[in-house]
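Accompanying notes for the structure given below.
Derivation of every value follows stated rules applied to the coordinates shown; laboratory data play no part. Just so we're clear, the structure is a prediction, and the values are computed from it rather than from any experiment. A quick note on method: Cβ atoms are made from the backbone with ideal geometry, for glycine too, and the neighbour counts reach across all protein chains shown.
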Amino acid sequence: MAIDDEALVAEQITYYRARASEYDRVYDQREDLRELLSVAGDLPITGDTLELACGTGQWTRALAARARTVTAVDASPEALAIARTRATSPNVQFHQADLFAWQPARRYDSVFFAFWLSHVPPARFAAFWATVAAALAPRGKAVFIDEGPAEAAREDVAATVRRLDDGSSYNIVKIFHDPEQLTTDLADLGWSADIRFRGNFLVGVAEPRTSTH
């Protein structure tokens, strides 16, 4: 039976709320993820930066070292509580919001999201990028990091099941984007994107081809 899109997104939020206390374990266990954090110094993060799906703040702290200000948004209050203890710089502000319902109240020089695009359902892909475009100031850039398609051999499904330490299981969205196809999909939406591999990860920089501001 197909899973209703609204229900799947709601279950995904519930999963990440429940997983907040376990989330950082993956960074402790994987050296490649810890090394990936160093890529922040090479990214075009400038001025006022919006971070979408900031989670427990693993990337927020690195962004704050480069940006004038960071506005970090996530749906999980539990994850945000951890993020506030990790990213304590005065130039960081946190906000709780469902990113599929939230709209930016202002524009930013950079919009950043790590390991979030793979959790956007295909039916919401265009709307999500419209939200990103609405958040960007003229000549602003969207910067994103995610798992590469090599992971698809392990989980080649649009929705997958994740389990927590207590044995509870949740359905979430998980899509492993091919960089060439993703570049094409973004071009169809009016974006110019440069997406490259960093190990098994994708690192992308995108900007609207035609300004609508």
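Below, the figures for the structure above:
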item	result
Translational diffusion of the chain, µm² s⁻¹ [Kirkwood Rh, Cα pairs; Stokes-Einstein; 4 °C; 1.567 mPa s]	74
Under 12 Å, Cβ to Cβ, from residue 17 - net charge with Lys/Arg +1 and Asp/Glu -1	-4
Pair-distance profile P(r), taking every C-alpha pair of segment 29-122, with 10 angstrom steps and integer %	16, 51, 30, 2
Among 168, 118, 192, residue whose mean-square fluctuation peaks in a GNM of the chain (springs only between Cα atoms under 10 Å)	168
Choice from 81, 53, 142 with maximal GNM fluctuation in the chain (Cα, 10 Å cutoff)	81
Segment 100-141 versus segment 1-30: alpha-carbon centroid distance in Å	20
Karplus 3J(HN,Hα) series, Hz, for segment 17-23 with 6.51 cos²θ - 1.76 cosθ + 1.60 (x for Gly, Pro)	5, 5, 8, 3, 6, 9, 4
Built amide H within the under 5 Å cut-off of residue 48, gap 5+	68, 69, 109, 110
Over the chain: helical MRE at 222 nm, DSSP H runs n ≥ 4 each giving -39500 (n - 2.57), nearest 500	-9000 deg cm²/dmol
Per-residue HN-Hα couplings for segment 131-140 [Karplus 6.51, -1.76, 1.60; θ = phi - 60°; Hz; x = Gly/Pro]	5, 4, 4, 5, 8, 8, 6, x, 6, x
Distance (nanometres) between label positions extended 7 Å along Cα→Cβ at residue 169 and residue 103	3.9
